[in-house]
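A short worksheet on the structure shown next.
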Amino acid sequence: MDVLHPTGGGGSIAMFRGSVSLLIFSVIVSGTVAGLASVGRQGFTVVWNMPTARCQRRYGVSLPLQEFGIVHNAGERFVGENISLFYKQRLGLYPYVNRQGANVHGGIPQLGDLRAHLNLTKRQVQQSMQSGFSGLAVLDWEAWRPVWGRNFGSKEVYRRLSKELVWMKHPEMPEKEVTSMARVEFQTAAKAFMEETLALGTRLHPRGLWGFYGFPYCYNNHGIKEDMYTGQCSPGTEALNDKLAYLWSGSTALYPSIYVQRRLAAHPNVRLMVRHRVLEALRVASQHAPGSKPLPVLPYARVAFIRTLTLLNQVDLENTLGESAALGAAGVVLWGSLDFAKSKRQCGVLRDYINSVLGGYVVRLRRGVAHCSETVCHARGRCARRDPHSGHMIPLLEPSGQLNLNLSSQFRCVCYEGWGGEQCEKKTTPT
């Protein structure tokens, strides 16, 4: 069932003013590098990060991304001018333990060769990214987590190997001291790999939006289908994320994950899950930003449920993209696996989905975001809920939509760089 959005009410006036229409049109059509260069200075950017190049190249199926203002790389490549996603096997010498239990590049960060990693990373970045790159640069390192205590389950192996390394050097050391030393050594080495890789990337391409996929974590999956579920991050998460200040200060964007499981289709608790993941990212972005303005937050979303090809309907899109926009995120990145381009039929399904569901939703959402920015923030800032938990959504606007005079009571402004004040009416620095 579709979600209904008010286009007005007792406090609405008639059709778009010319300035609003012009603003919205300019926002919707910006699907190239110029659009990404201004992330953080425009409403809501939707970026395509799916390896669908073969749909056109092999099957002759063209995906209508440009028509709906969805930013993508030329030829829909995975690494390109607008977004570059680097998996662990594709960048440097990231140490990890593979699925067969073999140590790759040392296995744990303490045994990795950081200098060789950085040298290789530099060459790979120079070869794959164009000069003047100003898009999204995302590092996908998921094998281990830089905080010792968050390596549980299948990641427990990194703690075990770290302790074995200490025991090899200090066979008589008590277990408690071994664990303590292993923790320090692991976290120090993990920090060096992540911090130095980010620093290298930002030096090579300072206009790029560099960050790690999935960070910051919230750990709020537990009990998600229960009636009492709040969506709040697990206890202690904020404190642990604050210990990663080096990561946030070295990033130029944050990319938390808001993927949804199939069993949660159209479930109202999804919105709570997304809300707290995005809010934690916004908190980190605000408190640990290297400059005066918060880092842009662009959650990673999927067009389908996790590990399926079942596509999201409008309710699911509202729970993910819509919730992110209402909280003040700079945009979202849409990820999907190669399975979406595995056959001509599957490419056709994806094309039809973009035409019938996704594309129209993205256009209406971005119109609504641009309209809110114009009416509440003088087009110099992004709207964000005054009360993050109010549930107020940015109205989706049709081309003939109406203006809603109540937006200013529901949304505040997050001003773009160079502007300040309640409604971004004050110029603070040269733009």
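The values are calculated or read from the model by the stated rules, or taken from the named source; none is laboratory data. Predicted model only: the values in this text are computed from it and were never measured. With ideal geometry, Cβ positions are generated from the backbone for all residues, glycine too; neighbour counts draw on all protein chains shown.
To keep it simple, each residue is scored yes or no on (1) closer than 26 Å to Y213 by Cβ; (2) touching a residue at least 60 places away in the same chain (Cβ under 8 Å).
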{"site": "M129", "(1), (2)": "yes, yes"}
{"site": "L136", "(1), (2)": "yes, yes"}
{"site": "P146", "(1), (2)": "yes, yes"}
{"site": "F152", "(1), (2)": "yes, no"}
{"site": "R160", "(1), (2)": "yes, no"}
{"site": "M168", "(1), (2)": "no, no"}
{"site": "P171", "(1), (2)": "no, no"}
{"site": "K176", "(1), (2)": "no, no"}
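Let me confirm something: among L317, L338, L403, which residue is surrounded by fewer than 24 Cβ atoms within 10 Å (Cβ to Cβ) and at pLDDT 95 or above?
Values: L338 fails: at pLDDT 95 or above; L403 fails: at pLDDT 95 or above.
Exactly one residue qualifies, and that residue is L317.
Restricting the search to segment 285-319, which residues are hydroxyl-bearing (S, T, Y) and touching a Pro at 6+ places or on another chain (Cβ under 8 Å)? Quick ask: steps written out before the conclusion?
Pass one, segment 285-319, residues hydroxyl-bearing (S, T, Y): 286, 292, 300, 308, 310.
Listed by number, the residues that qualify are S286, Y300.
Which one of S286, S356 is under 28 Å from K243 (Cβ atoms) and without any contact (Cβ under 8 Å) to a residue 24 or more places away in the chain?
It is S286.
Of (1) assigned to a helix (DSSP H, G or I); (2) closer than 17 Å to F68 by Cβ; (3) within 14 Å of the chain's Cα centre (by Cα), L334 satisfies all except one. Which?
(1)
Kindly provide the set of residues from segment 202-246 that are part of a loop (DSSP other than H, G, I, E, B) and under 21 Å from T188 (Cα atoms), ordered by number. Step through it out loud before you land on a result.
Filtering segment 202-246 down to residues part of a loop (DSSP other than H, G, I, E, B) leaves 205-208, 214-236, 243-244.
Residues satisfying the conditions are G214, F215, P216, Y217, G236, K243, L244.
Here's the yes/no breakdown for (1) within 22 Å of L298 (Cβ to Cβ); (2) more than 24 Å from the chain's Cα centre (by Cα); (3) surrounded by fewer than 19 Cβ atoms within 10 Å (Cβ to Cβ):
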| site | (1), (2), (3) |
| --- | --- |
| N82 | yes, no, no |
| Y87 | yes, no, yes |
| N98 | no, yes, yes |
| G101 | no, yes, yes |
| G135 | yes, no, no |
| G153 | no, yes, yes |
| S162 | no, yes, no |
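List pairs: first in segment 249-268 and closer than 14 Å to G208 by Cα, second among the hydroxyl-bearing types (S, T, Y) and not in a loop (DSSP other than H, G, I, E, B), Cβ under 7 Å, 6+ apart or cross-chain?
Cβ pairs passing all conditions: T252/T202; Y255/Y213; Y255/Y300.
Could you tell me whether E398 is part of a loop (DSSP other than H, G, I, E, B), on the phi < 0 side of the Ramachandran plot and at pLDDT 95 or above? Give the steps one after another, and end with the answer.
Details: part of a loop (DSSP other than H, G, I, E, B): yes; on the phi < 0 side of the Ramachandran plot: yes; at pLDDT 95 or above: no.
No: the conditions fail for E398.
Please find, among A189, A137, the residue that is small (G, A, S) and not in a helix (DSSP H, G or I). Walk me through how you get there before you give the answer.
On the way: A189 fails: not in a helix (DSSP H, G or I).
Answer to the check: A137.
Condition first: surrounded by 14 or more Cβ atoms within 10 Å (Cβ to Cβ), over 22 Å from the mean Cα position of the chain (by Cα) and outside any loop (DSSP other than H, G, I, E, B). Can you find one or more residues in segment 57-65 that meet it?
Among the residues of segment 57-65, not one is surrounded by 14 or more Cβ atoms within 10 Å (Cβ to Cβ), over 22 Å from the mean Cα position of the chain (by Cα) and outside any loop (DSSP other than H, G, I, E, B), which makes the answer no.
Output the residue which, of all residues in segment 342-379 that are under 30 Å from S409 (Cβ atoms) and of a type in the set (V, I, T), is surrounded by the most Cβ atoms within 10 Å (Cβ to Cβ). Before you say what the answer is, go through the steps one by one.
Of all residues in segment 342-379, those under 30 Å from S409 (Cβ atoms) come to 360-379.
With of a type in the set (V, I, T) added as a condition, the list becomes 362-363, 369, 375-376.
Working: V362: 22, V363: 21, V369: 27, T375: 19, V376: 22.
The selected residue is V369.
Given (1) modelled with pLDDT of 95 or more; (2) not in a loop (DSSP other than H, G, I, E, B), where does L36 come up short, assuming only one miss?
Unmet condition: (1).
Collect the residues in segment 364-395 that are in a helix (DSSP H, G or I), more than 12 Å from G43 (Cα to Cα) and at pLDDT 95 or above, keeping them in residue-number order. First the steps, then the outcome.
Keep residues of segment 364-395 that are in a helix (DSSP H, G or I), which gives 364-377.
Among the residues that remain, those that are also more than 12 Å from G43 (Cα to Cα) are: 364, 375-376.
Correct list: R364, V376.
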